[in-house]
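> My questions all concern the structure below.
The values are calculated or read from the model by the stated rules, or taken from the named source; none is laboratory data. Everything numeric in this text was worked out from a predicted model, so none of it was measured. Cβ: placed from backbone, ideal geometry, glycine included. Neighbour counts: every protein chain shown. Ligands, DNA and RNA are excluded from the accessible area calculation, which covers all protein heavy atoms including side chains. Shrake-Rupley method; radii C 1.70, N 1.55, O 1.52, S 1.80 Å.
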Amino acid sequence: GRFEAIKHVLHTFGRRWGLTGSPAANGLMDLFGQCYILDLGNALGAYITHYRDTYFVADKYGHSFTLMPGAEERIYEAIEPLMLRMGNELLDMPRLVENNIWIDLPEDVMEIYSQLEKDFITSVDSRIVTAVNAASASSKIRQVANGGIYLDPKVLPSGLQAPKSEREWSNLHSKKCEALRDLVDELQGSPLLVAYDFEHDLDRLRGAFKEGVFACDYNMKQFDKLVAKWNQGDIPLLFGHPQSIGHGNNMQGACHHVAWHSMTWNRELYDQFIARVWRQGNASDRVFVHHIMAKGTIDEAVYGALQFKHSTEQALFEGIKRYAAERRSK
């Protein structure tokens with residue numbers, strides 16, 4: 001990965017700075033690589049295995065880790081000398097306002113959802129859909145909440161599965177598209193940036209919003225011109241994938257509404273996508289984040305996880321401030 005590539009040349013840099021607005025977006029495990037780049041392992045150790053063993057406890061499978069008692073405070077104290085935080089309270093930022101929009105899944109779709117959630121297998125359009133483990137089931141039921149699902153790949157005459165590029169899906173409902181249409185009508189042309197996730201989400205959105213502009217249709221050079229038009233207010237509805245336009249684009253010129261058609265577990269992608277609009281230079285006094293979620297589904301758990309991760313990162317910032325104050329007082 002990128003960390004392993006840069007690790008071998010770090011000694012050639014006399015000074016190193018790391019800039020991020022979300023150092024621990026998905027938990028304190030994220031800190032190791034960033035801190036190693038700054039101090040070659042002085043604060044948190046030279047190897048991530050040592051960092052895990054010192055501060056975390058693994059589950060019996062070794063796949064997930066929880067903090068040891070008191071480890072959080074020890075991490076904050078160890079990394080405080082490396083950190084300088086310039087918080088939003090020092091910037092002239094709009095107020096961030098959340099708006100949760102709830103939809104009900106149709107009964108037949110809820111049956112598919114419940115069976116996948118319980119048994120990891122169901123049938124859609126006479127095709128079997130299976131989830132091989134809990135993580136796969138989580139993805140499958142999140143897809144169903146959005147409105148579609150990938151079908152199990154066809155088996156070729158050779159006996160091999162068809163490649164992912166030829167994967168098929170079934171569109172199950174359009175409730176989130178309908179809720180998004182209500183929001184678009186309510187905004188009456190005020191620019192709206194919409195996040196989606198799966199290919200079948202994109203398929204349904206293209207069908208429901210002929211007037212929409214889709215960032216994936218533009219190459220990098222074309223996208224720069226698209227952003228310029230967007231910031232002038234000439235594009236009322238723009239769809240993008242958080243991994244594609246979640247970093248490096250200033251899109252606050254005319255927009256103060258962001259909508260999540262498809263919720264994401266990833267707090268960093270979540271924050272960065274919103275930050276395309278919620279940033280300095282936005283002339284509005286408020287930026288609205290609209291979450292379109294299906295009642296009684298995994299959407300509720302994803303939203304809760306995002307809030308928890310936000311709390312974890314806020315605790316990091318507060319801990320660093322506390323230890324910095326203590327160090328200065330000595």
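> Taking amide hydrogens as modeled 1.01 Å from N in the peptide plane, which residues meet the under 5 Å criterion relative to Ala294, leaving out close sequence neighbours?
Ile103, Asp299
> Would you calculate a helix-derived [θ] at 222 nm for the chain, using -39,500 (n - 2.57) for each DSSP H run of n ≥ 4 and dividing by the full residue count, to the nearest 500?
Values: 12 runs with 138 residues, N = 330.
Dividing the helical sum by the residues of the chain leaves -13000 deg cm²/dmol.
> Give or take rounding to whole Å, what are the principal axis extents of the alpha carbon atoms in the stretch 47-106, in descending order?
Here the spans come out as 45, 42, 20 Å, largest first.
> Also, quick follow-up: Could you check how much of the accessible area of the chain is carbon and sulfur, as a whole percent, using a 1.4 Å probe?
Numbers: 9360 of 18050 Å².
Here carbon and sulfur together make up 52 percent of the probe-accessible area.
> A further question on this structure: What does the extension gain come out to for Phe308 and Glu73, with contour length at 0.36 nm per residue minus their alpha carbon separation?
Working: separation 235, 0.36 × 235 = 84.60 nm, distance 1.76 nm.
Gain on stretching Phe308 to Glu73: 82.8 nm.
> When the Karplus curve 6.51 cos²θ - 1.76 cosθ + 1.60 is applied with θ = phi - 60°, which whole-Hz ³J(HN,Hα) does each residue of the stretch 47-54 get, with x for Gly and Pro?
Once rounded to whole Hz, the list reads 10, 5, 5, 5, 4, 4, 5, 7.
> Continuing with the same structure: Taking θ = phi - 60°, what integer Hz values does the Karplus form 6.51 cos²θ - 1.76 cosθ + 1.60 yield along the stretch 291-304, in sequence order, with x for Gly and Pro?
Ordered by residue, 3J(HN,Hα) equals 9, 9, 10, 8, 4, x, 10, 4, 3, 5, 5, 4, 4, x Hz.
> Based on the Cβ-Cβ distance of Asn42 and Asp152, what FRET efficiency does E = 1/(1 + (r/R0)^6) give at R0 = 35 Å, to the nearest 0.05?
0.10
> Another one. Under the Karplus relation 6.51 cos²θ - 1.76 cosθ + 1.60, θ = phi - 60°, what is the ordered set of whole-Hz ³J(HN,Hα) values for the stretch 258-265, x standing for Gly and Pro?
10, 10, 10, 5, 10, 6, 10, 6
> Report the extension gain between Gln232 and His247 in nm, rounded to one decimal, defined as 0.36 nm multiplied by the number of residues separating them, less their alpha carbon distance. The partial results should precede the final answer.
Values: separation 15, 0.36 × 15 = 5.40 nm, distance 1.98 nm.
3.4 nm is the gain from fully extending Gln232 to His247.
> Here's something else I'd like to know. Could you compute the longest span of the chain free of GluC sites (Glu not before Pro) located in DSSP loops and having at most 15 other Cβ atoms within 10 Å, not counting the site residues?
Longest stretch, sites excluded: 1-167.
> What trypsin sites (Lys or Arg not before Pro) in the stretch 1-108 are in a loop by DSSP, with at most 14 other Cβ atoms within 10 Å of the Cβ?
On the way: sites: Arg2, Lys7, Arg15, Arg16, Arg52, Lys60, Arg74, Arg85, Arg95; in loops: Arg15, Arg16, Lys60, Arg85.
Of the trypsin sites (Lys or Arg not before Pro), the ones in loops of the stretch 1-108 whose Cβ has at most 14 other Cβ atoms within 10 Å are Arg15, Arg16, Lys60, Arg85.
> Between Lys210 and Arg167, what FRET efficiency follows from the Cβ-Cβ distance if R0 is 35 Å, with the result rounded to 0.05?
Details: r = 25 Å, r/R0 = 0.72.
It comes out at approximately 0.90.
> What does the charge add up to near Val287, with Lys and Arg as +1, Asp and Glu as -1, over the other residues with Cβ less than 12 Å from its Cβ?
+2
> Hey, got a sec? Which trypsin sites (Lys or Arg not before Pro) in the stretch 199-291 land in a DSSP loop and have at most 16 other Cβ atoms within 10 Å?
Lys210
> When N counts the residues of the stretch 158-273, how does its alpha-carbon radius of gyration compare numerically with 2.2 N^0.38 Å, as a ratio?
For the stretch 158-273, the normalised Cα radius of gyration comes out at 1.15.
> If you project the alpha carbons of the chain onto the principal axes, what extent comes out on each, in Å, largest first?
67, 51, 37
> How big is the gap, in Å, between the Cα center of the stretch 33-57 and the Cα center of the stretch 193-244?
A separation of 39 Å, based on Cα centres.
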